[in-house]
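Each remark here refers to the structure printed beneath this line.
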Amino acid sequence: MNVFRKYADFYDRLYEDKDYEKECEFVKQIFETHGTKKIASILDLGCGTGSHALIFADMGYDVVGVDQSETMLDIARTKVAKNNKNIRFRRQDIRSLDLSQQFDAAVAMFAVMGYQTSNKDFEDTLISVHNHLSPGGLLIFDVWFGPAVLVEKPQDRVKIIELPNKKIIRYAHPVLDIIHHTVEVNYTVLEITEQKTTEISEHHLMRYFFYQEIVYFLEKNGFKLLQISPFMDLKHNVDQGCWNIVVICEKRSTMIATV
């Protein structure tokens, strides 16, 4: 998964309007709604630059963040040091975690699970997380919902960030693959200053999911589905207008044997 190397330098600027605090409050609401025990420790999967992890730490949780991008983790460590927080970050692949620790909950925010584009990758991730959750531990992740993707269709998008001494422009061109249930998002980012223009490009392959396949993979790999709802909304059911959905599940003590 060779993404976020060059993109990491622009990541926080591009998503500075994202309401990380509200999302963490939503996760806390899920803990209070579905948790059968006190949630004290969180495994932050695909933690990126640590924005969610910092807020979870402020809430009093013991947080460990994992990510494959050393560049993103370097930024996360700098942010944590500035805020004097005790958060551990590890460079690991979420498909094959080896942390020698179990957690009360695991979260994969901002479509991290969507980067697991093959069935094997998705299952390996579920097994890996299962091994790192304590009995009854919660797994919470958000993904793109297939019916909405197929109805609304991915569209080209442009985002412009105006700063005092430069401008950042991001172009996103998605390519839909209805056979493999993926969208290739082709990013071009321009950083424009008075002196020069810098251009980078990255290609992010994202998977979208359907309700019954989520249920199947969770049950097969040791999880009990608790709820699927629109992201940031536990009160309503998903429909074809919900692009982002949240999946909430609980670790079972045993996995279902398959032939």
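General remarks:
- Single match in Ala53, Ala81, Ala106 (criterion: farther than 23 Å from Tyr187 by Cα, surrounded by fewer than 15 Cβ atoms within 10 Å (Cβ to Cβ) and aliphatic (A, V, I, L, M)): Ala81
- Cβ pairs under 6 Å, 6+ apart, first in region 228-252 and in contact (Cβ under 8 Å) with a residue 40 or more places away in the chain, second of a type in the set (Asp, Glu) and part of a strand (DSSP E or B): Phe231/Asp142; Asn244/Asp142; Val246/Asp142
- Scanning region 214-244 for residues that are of a type in the set (Gly, Ala, Ser) and part of a strand (DSSP E or B) yields a single hit, Ser229.
- Matching entry among Gly48, Gly65 (being in contact (Cβ under 8 Å) with a residue 24 or more places away in the chain, surrounded by 14 or more Cβ atoms within 10 Å (Cβ to Cβ) and touching a Cys at 6+ places or on another chain (Cβ under 6 Å)): Gly65
- The listed residues are Tyr216, Tyr208, and the only one of them that is touching a residue at least 24 places away in the same chain (Cβ under 8 Å) and among the aromatic types (Phe, Trp, Tyr) turns out to be Tyr208.
- Test result for Val63, outside any helix (DSSP H, G or I) and modelled with pLDDT of 95 or more: yes
- Where a residue in region 1-28 is of a type in the set (Asp, Glu) and its partner, wherever it lies, is at pLDDT 80 or above, with Cβ under 6 Å and at least six apart: Asp12/Thr49; Glu21/Ile55
The values are calculated or read from the model by the stated rules, or taken from the named source; none is laboratory data. These numbers were taken from a predicted model, which means no experiment stands behind them. Ideal geometry is used to build each Cβ from the backbone, glycine not excepted, and the neighbour counts take in all protein chains shown.
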